[in-house]
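Inspection log for the structure reproduced underneath, given as structure tokens.
The values are calculated or read from the model by the stated rules, or taken from the named source; none is laboratory data. Here the structure is a predicted model, which means the values were calculated and not measured. Cβ coordinates were reconstructed from backbone atoms using ideal geometry, including for glycine residues, and neighbour counts include every protein chain displayed.
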Amino acid sequence: MSLLIAAALCLVAVSGFLVVRSRDPNRQVFALAANGLVLSVLFFVLQAPDVGLSELAVNTVLTPLMFLVTLAAAAMNEARR
Amino acid sequence: MSVFPWLVAAWLLGIGLYGIITSRHYVHLIGCLSVLQSGTYVLLLGIGYKWGAGPPIFYDHPAGTPAVDPIVQALVLTDIVVGAAVTALLLVIALQVHKRRGSLDPQELRPLRPDN
Amino acid sequence: MTVTWRLGLFAISLAVLVPALWHVAMALPAFGAPTEMYGAAVNAIIPAARHITNMVAAVNFDVRGFDTLGEECILVAAVTGTCVLLRGARGEDLTAEAGHLPDRPHVERSDAVVLVCRIGATVLLLFGVYMALHGTATPGGGFQGGVIAASSLMLIYLGEGYSPWRHVMHSWFLGALEGGGAFIFVAAAAIPLMLGYAVLQNILPYGQPKDLFAGGLMVVANFAVGLSVAGSFGQLMLEFMEETRSPEDDPIPDEED
Amino acid sequence: MSASALLPVPVLLPLGVATFLLVFAHSLPSRLSTVVAILTATIGGLICAFLAHAALDGPVLHWFGGWTPASSGRPGVVLGISFLADPASAAVAAFAALLFAAALLFTWSYFDEALSHFEILMLLFLAGITGFCLTHDLFNLFVWFELMSVAAFSLTAYPLGKSSLEGAFNFTITNAFGSYMMLAGVGLIYARTGTLDFTQMGRVVAAAGSDPVLSGGFCLIAAALLTKAAIVPFHMWLADAHAVAPSPVSVIFSGIMVSVALFALAKLVAQVFIRDAEVMALVRILLLWLGAATALVGGAMAFAQRHLKRLLAFSTIAHLGIMLIGIAAVTPTGFGGFVLYLFGHGLIKATLFMIAGIVLAVCASGDEIGLYGKGRSIWPAGVVMAIAGLLLGGLPVGLLHNATESLASRSPTTAVVITLATALTGAAVLRAGARIFFGCSGAPGVEITAPTARQHEKNNRGLALMLTPCVALLAVAVIPGWLVMPFLGTAGARLIDPFGAGGPPMPMPPFSVVTFAPIAMTLVLVLFALLRERPTRPLARKLFRLELLPFRGMQFLHSGLVGDYVAWMLIGVAALAGFLTR
């Protein structure tokens, strides 16, 4: 169990780092979704299925979707200029 | 192992801050803010975790089996909602800024300074 | 200041904060051995006192239900703010078309995609409702269920395309769902007060453990949160997707010249 | 209904009305929602005022869900959340409702096309502030903190201008960072004490003594509250946000939102950490110095602004610094003085922001240099602004003056700092008013270093309607201080120990040099600014450039870049942490 938690924590640390390091927002969205996924795995491992489910629904699906839409809208603005 | 989760939480806070400070794109900056926030999730859930305990849900096992702290989990649930709410607002603001200025570089966008 | 200067400030603060953090981390209760009087008390008292099995739901809707009421209102405030900020520029008409980037090829949806999306949306919606209903017994609850139900709307968008989607989704309906759910929650808090009890006091019969409708007032609160969250996130997606519609003469009101 | 049953109503009522308005947002006429919102704020305010009165006999408590401490059946375990009204908390909540009612009246028909969304956000904002004042539970405090933040973020960006959006972005990022720090702090304190109830936490802290986890938790929560309260070096966001938000919203921001964060800090210090020697040393020494620095920086920056609302925003920063000086004393008198200052400053600053709103609407600009004499046609607003400016600058009448004296009487150093800051902000306001409304000239001094932009607000309601709330608030601001001193004596004592006995009436400071020093200095500064001439001789030019230099430097630091702001906030956190680990 302790190994599983340690592994999940390491993954969270690495994926968080990757989100920050991906300077191109179009790539960052996917890092963000991956970060959300890894976090929800960590939450399941930490015996918090309720939190894991919300994290999965919100930060893995919805938030990245909002990021994508924002970037798409910005790209369309750009094209219009 | 006993301090590792706290270090991960601190790492997420720190790396998120580093991202915010150095960011050159509003949307990237918002992503960094959510990394910063995930540090608080890890901290809170880590505080409630107990070795060998199950989830605080007594559906499959009877009430009284060791379970982790449900309070911090409720706190993190609120935290997630707050995070989503703030992220949505920030993205909207970024979008509208882009419509008006055609740029999302924080170094170029400064309130009340129209000439840059 | 330039980024380099800022990094200098960052380094200075880290020089102080890292030792301080280490100090705190060493003093915290070791991971896995918490100071857990509060949580342990909830785990010990609630199953018998409220006849439900999901302690997180009990904390969310009963013991600390007032926090959840505030949390719901945070979501309502954020979504209302989003509507105001996005709609300020473009109004609410239904005539627009989906936007399109000039250099992207236009691919028609195949029937298979449409079918999968329709089936998927239905299944996802049902799953959301299922998860919301079982909130007091198993993991999940109004919040998670509401989010999942709302994301089924996105599948409709994927399958049907912008215009049909836009004719199904009405902002007033989603707004009413959002406000109505939150209002039911406020009412569930206020009615016990009017009857002479404390706010959010659980005065309904608790029902049988592991039952779908166990938990008394928690069932109402859970239901209200589900409605409100589905409405909020639906509204949020509607407003965001509206930003991708084809550009027309969006007036940009600007209080600066 | 008993007082205890009324206690949650000021929060539930605006929440209920706001959600109800949201359901019918598409069919309700907007004016009707404005009326409903004003009524809601008024009723909530009256209930809070009643509670403040009832609390003089002893604290009013309400346990949500009926989860009283006894219901856990275990000593030292508090399951539920409670609201606790001590006289000061309920009075601050009532004051917030008063400002909301005034601001909503001021906006009459301003937001007609927005489907009641403005009223909904304002009511949620009001509920957030009220809950923030009344709650007795740490995480619940965070929830209301966040509700008021989210409503404030959306309201700042409401005009959808470039500056509003960028100001709102900086505001959101810095304050969101603040609230995540607060959450981490809540986590640390929970990890050590195992409870979230203020009283119970206070007991555990008293038993545990100084401990790195508790100190760390306090540091993080204090950093969050100081961010909201715009204390140096966490203050940078405020000038951006308050200058660009719609004026009625700035009224709320400066009048109550920022000072209420200091109020929560005072409550936490007094009710939870008062037995923690390390934390108390931090409060008594470091927060005192931060308060003094904030007062001086805010005052100097206010004097060096030309955009009317940005000027007022920096003046708010200066006054927040003065309030923090009062809190850092951690005595009943200090707290009583702080609460009085909160009222006095809130009333005057709210009036001034409304006047700024009138100027932006009628003259379609907020730049004092560009507006020379353009406000002559609306001279009544100028008269109100002059009175408010004099009161802000230390005219020995009314609530703010008594509060200033009470805080300044602590030590000669604080007296000097408070006098300077008061005079600088008062002079800045009077200078701007004299230029805009009465065409008084004077060559621009340090204010030419300030940023400015063209800005205007919708002009669709009569001057009389807009002036009514201003005059009403000013009328409250000139209430003689001795009327409220008995109340404040008890309020200050009960803030430290809600369950203890009240205190004697707060002493009125005797007449002394301090009474007239601020207003005299204000007038000197105004005359200096209005009589100065353009430097023509080479020596004068050189001197002028030398004078501008430090101000240019400060304007450069207040850069408008969000990355800078966050970096400075980190320096602030490091200062707090460094003080504790020294």
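Condition test on D:A191, is it facing another protein chain (nearest Cβ under 7 Å), more than 22 Å from D:S559 (Cα to Cα), out of contact with any Lys or Arg (no Cβ under 9 Å at 6 or more places or on another chain) and assigned to a helix (DSSP H, G or I)? Yes. Considering the range C:94-147, and only residues there that are of a type in the set (V, I, T) and under 30 Å from B:G54 (Cβ atoms), the residue that is modelled with the lowest pLDDT turns out to be C:T136.
Can we say B:L95 is modelled with pLDDT of 95 or more and over 26 Å from A:C10 (Cβ atoms)? No, not satisfied.
For the range D:551-580, the set of residues classified as more than 21 Å from D:N170 (Cα to Cα) and in contact (Cβ under 8 Å) with a residue 24 or more places away in the chain consists of D:F551, D:R552, D:A575, D:L576, D:A577, D:F579, D:L580, listed by residue number. If the condition is being modelled with pLDDT under 90 and either surrounded by 16 or more Cβ atoms within 10 Å (Cβ to Cβ) or β-branched (V, I, T) (or both), then the range D:560-582 contributes D:G560, D:T581. Taken over the range C:46-59, residues that are surrounded by fewer than 21 Cβ atoms within 10 Å (Cβ to Cβ) and hydrophobic (A, V, I, L, M, F, W, C) amount to 2.
Yes/no matrix, rows are residues, columns are (1) modelled with pLDDT under 95; (2) not in a loop (DSSP other than H, G, I, E, B):
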position: C:H167; (1), (2): yes, yes
position: C:A176; (1), (2): yes, yes
position: C:V186; (1), (2): no, yes
position: C:G196; (1), (2): yes, no
position: C:N202; (1), (2): yes, no
position: C:P209; (1), (2): yes, no
position: C:L212; (1), (2): yes, no
position: C:G215; (1), (2): yes, no
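Here the condition is being surrounded by 24 or more Cβ atoms within 10 Å (Cβ to Cβ), of a type in the set (D, E, K, R) and touching a helix residue (DSSP H, G or I) at 6+ places or on another chain (Cβ under 8 Å); of D:K309, D:K374, it holds for D:K309 alone.
Selection of the range C:13-48 for residues being more than 7 Å from every other protein chain (Cβ to nearest Cβ) and over 28 Å from B:V68 (Cα atoms) yields C:L14, C:A15, C:V18. Selection of first residues in the range C:195-216 that are surrounded by 21 or more Cβ atoms within 10 Å (Cβ to Cβ) and of second residues that are part of a loop (DSSP other than H, G, I, E, B) and of a type in the set (F, W, Y), restricted to Cβ pairs under 8 Å at least 6 apart or on distinct chains, gives the following pairs, ordered by first then second residue: C:G215/C:Y206; C:G216/C:Y206. C:T2 fulfils the conditions (1) within 30 Å of C:A150 (Cα to Cα); (2) more than 9 Å from chain D (Cβ to nearest Cβ); (3) among the hydroxyl-bearing types (S, T, Y) except for a single criterion, (1).
Identify all residues within the range D:429-462 that are at positive phi and touching a helix residue (DSSP H, G or I) at 6+ places or on another chain (Cβ under 6 Å); write none if there are none. Selection gives D:G442 alone. Among the residues that make up the range D:402-414, is at least one of them closer than 19 Å to D:F253 by Cβ and either in the same structural domain as D:V249 (by TED's automatic domain parsing) or of a type outside the set (A, V, I, L, M, F, W, C) (or both)? Taking every residue of the range D:402-414 in turn, none turns out to be closer than 19 Å to D:F253 by Cβ and either in the same structural domain as D:V249 (by TED's automatic domain parsing) or of a type outside the set (A, V, I, L, M, F, W, C) (or both). Once the range C:21-34 is narrowed to residues that are part of a loop (DSSP other than H, G, I, E, B) and surrounded by 20 or more Cβ atoms within 10 Å (Cβ to Cβ), the residue that is modelled with the lowest pLDDT is C:P34.
For the range C:136-161, the set of residues classified as closer than 14 Å to A:G52 by Cα, in contact with a Gly (Cβ under 6 Å, 6 or more places away or on another chain) and in a loop (DSSP other than H, G, I, E, B) consists of C:G141 only.
Taken over the range B:4-44, the residue count meeting the criterion of being more than 13 Å from the chain's Cα centre (by Cα) and more than 21 Å from D:T174 (Cβ to Cβ) is 5.
Of the residues contained in the range D:104-117, none is found to be part of a helix (DSSP H, G or I), in contact (Cβ under 8 Å) with a residue 24 or more places away in the chain and in contact with a Phe, Trp or Tyr (Cβ under 6 Å, 6 or more places away or on another chain). Scanning the range D:495-517 for residues being under 19 Å from D:T331 (Cβ atoms) and part of a loop (DSSP other than H, G, I, E, B) gives a total of 14. Number of residues in the range B:54-107 that are under 20 Å from C:T68 (Cβ atoms), in a helix (DSSP H, G or I) and of a type outside the set (S, T, N, Q) equals 16.
The set of residues in the range D:126-155 that are more than 8 Å from chain C (Cβ to nearest Cβ) and among the hydrophobic types (A, V, I, L, M, F, W, C) comprises D:L126, D:I129, D:F132, D:C133, D:L134, D:L138, D:L141, D:F142, D:F145, D:M148, D:A152. Would a scan of the range D:200-210 turn up a residue that is more than 7 Å from chain C (Cβ to nearest Cβ), farther than 30 Å from D:R275 by Cα, in a helix (DSSP H, G or I) and in contact (Cβ under 8 Å) with a residue 12 or more places away in the chain? Checking the range D:200-210: not a single residue is more than 7 Å from chain C (Cβ to nearest Cβ), farther than 30 Å from D:R275 by Cα, in a helix (DSSP H, G or I) and in contact (Cβ under 8 Å) with a residue 12 or more places away in the chain. Looking only at the range C:150-207, residues that are among the small types (G, A, S) and more than 9 Å from chain D (Cβ to nearest Cβ) come to 8 in all. Among the residues making up the range B:56-115, those that are more than 7 Å from every other protein chain (Cβ to nearest Cβ), under 30 Å from D:T195 (Cα atoms) and over 26 Å from the mean Cα position of the chain (by Cα) are B:D60, B:H61, B:P62, B:G64, B:T65, B:P66. The helices (runs of 4 or more DSSP H) found entirely in the range D:283-372 that carry 2 or more residues being among the polar types (S, T, N, Q) are D:308-328, D:332-362. Within the range D:8-44, the only residue that satisfies the criterion of being touching a residue at least 60 places away in the same chain (Cβ under 8 Å), facing chain C (nearest Cβ under 9 Å), among the small types (G, A, S) and in a helix (DSSP H, G or I) is D:A18.
Looking across the range B:26-54, just one residue is at the interface with chain C (Cβ under 9 Å from one of its Cβ atoms), crowded, with 24+ Cβ neighbours inside 10 Å and closer than 25 Å to C:H134 by Cβ, and that is B:G48. Put simply, of C:R64, C:R87, C:R50 the only residue that is among the basic types (K, R) and closer than 20 Å to C:L133 by Cβ is C:R50. Being among the hydrophobic types (A, V, I, L, M, F, W, C) and more than 14 Å from C:A78 (Cα to Cα) is the filter here, so list the residues in the range D:146-166 that pass it. D:L160, D:L165, listed by residue number.
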